[in-house]
Amino acid sequence: GENVEQHPSTLSVQEGDSAVIKCTYSDSASNYFPWYKQELGKRPQLIIDIRSNVGEKKDQRIAVTLNKTAKHFSLHITETQPEDSAVYFCAASRSGGSYIPTFGRGTSLIVHP
Amino acid sequence: DTAVSQTPKYLVTQMGNDKSIKCEQNLGHDTMYWYKQDSKKFLKIMFSYNNKELIINETVPNRFSPKSPDKAHLNLHINSLELGDSAVYFCASSQESGYQPQHFGDGTRLSIL
């Protein structure tokens, strides 16, 4: 089955800095890679996703890059703000059947004002 | 309108009791899921269910059983509750399992006394 490794487990940055969270996956057939943000006491919510037909996707301060050859993908947050503080989860899955997304173990991002 | 709703939000009960958590989605999705999130924040998949197939994570004890009266509902029944069952349980749904984002409910915090 799929295995997703996520690093780092904790990331502390100053407001305005950039933050990068990296994930690797094992199943070369995986073709869908979402990222979820979970604020304290809240539910996980999708913030950005990427499919394997593209290498990069951007949405304002958030971007995701995908390297299918190396089987890794990354979340980039620029100009971090205190409200970016949360746990971020990456996931990998595939289309065509009853495949369940495999989640990374999460990264706790702390943005210091 | 809440897309994925779960009840109750909090559940406090004694060890050995049987309890159920209800989940409903109004998104018209064909796949629903149950996740367990422990104190370390790891999102562990318990079940995935669509009209055709129930996928059970083999590490889930058989005290846990999903029940789906129809496509919009997936309830979780737990028998003989144990201390280790204390966690937050999230219901989620998606269209086209594996290739579309998941929408999560607000979670049910289960505490075993």
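Couple of notes before you dig in:
- Residue that is farthest from the other protein chains (Cβ to nearest Cβ), among those in the range A:3-24 that are more than 10 Å from the chain's Cα centre (by Cα) and open to solvent by less than 40 Å² (accessible area, probe 1.4 Å): A:Val13
- Among the residues of the range B:86-113, those that are more than 15 Å from B:Gln37 (Cβ to Cβ), within 11 Å of chain A (Cβ to nearest Cβ) and assigned to a loop (DSSP other than H, G, I, E, B) comprise B:Glu96, B:Ser97, B:Gly98, B:Tyr99, B:Gln100, B:Pro101.
- Of note, B:Leu81 satisfies the criterion of being under 13 Å from B:Ile21 (Cβ atoms) and over 14 Å from the mean Cα position of the chain (by Cα).
- Residue in the range A:25-41 that is closer than 30 Å to B:Glu53 by Cβ, crowded, with 21+ Cβ neighbours inside 10 Å and more than 13 Å from the chain's Cα centre (by Cα) present: yes
- Against the criterion of being away from every other protein chain (no Cβ under 11 Å), within 13 Å of the chain's Cα centre (by Cα) and open to solvent by 60 Å² or more (accessible area, probe 1.4 Å), A:His72 qualifies.
- Test: residue in the range A:47-66 that is away from every other protein chain (no Cβ under 14 Å), on the phi > 0 side of the Ramachandran plot and open to solvent by 80 Å² or more (accessible area, probe 1.4 Å): yes
- Within the range B:55-85, being surrounded by fewer than 16 Cβ atoms within 10 Å (Cβ to Cβ), assigned to a loop (DSSP other than H, G, I, E, B) and at pLDDT 95 or above holds for B:Arg63, B:Asn79, B:Ser80, B:Glu82.
- Index of the failed condition, A:Asp84 passing every other in (1) within 14 Å of another protein chain (Cβ to nearest Cβ); (2) at pLDDT 95 or above: (1)
- For B:Lys40, the stated conditions do not hold, so it cannot be described as open to solvent by 40 Å² or more (accessible area, probe 1.4 Å) and touching a helix residue (DSSP H, G or I) at 6+ places or on another chain (Cβ under 9 Å).
The values are calculated or read from the model by the stated rules, or taken from the named source; none is laboratory data. What you see is a predicted model, and the numbers here were worked out from it, not measured in a lab. Backbone-built Cβ (ideal geometry, glycine too); neighbour counts: all protein chains shown. For the accessible areas, the whole protein counts, side chains as well, though only heavy atoms, and no ligand, DNA or RNA atoms are used. Shrake-Rupley method; radii C 1.70, N 1.55, O 1.52, S 1.80 Å.
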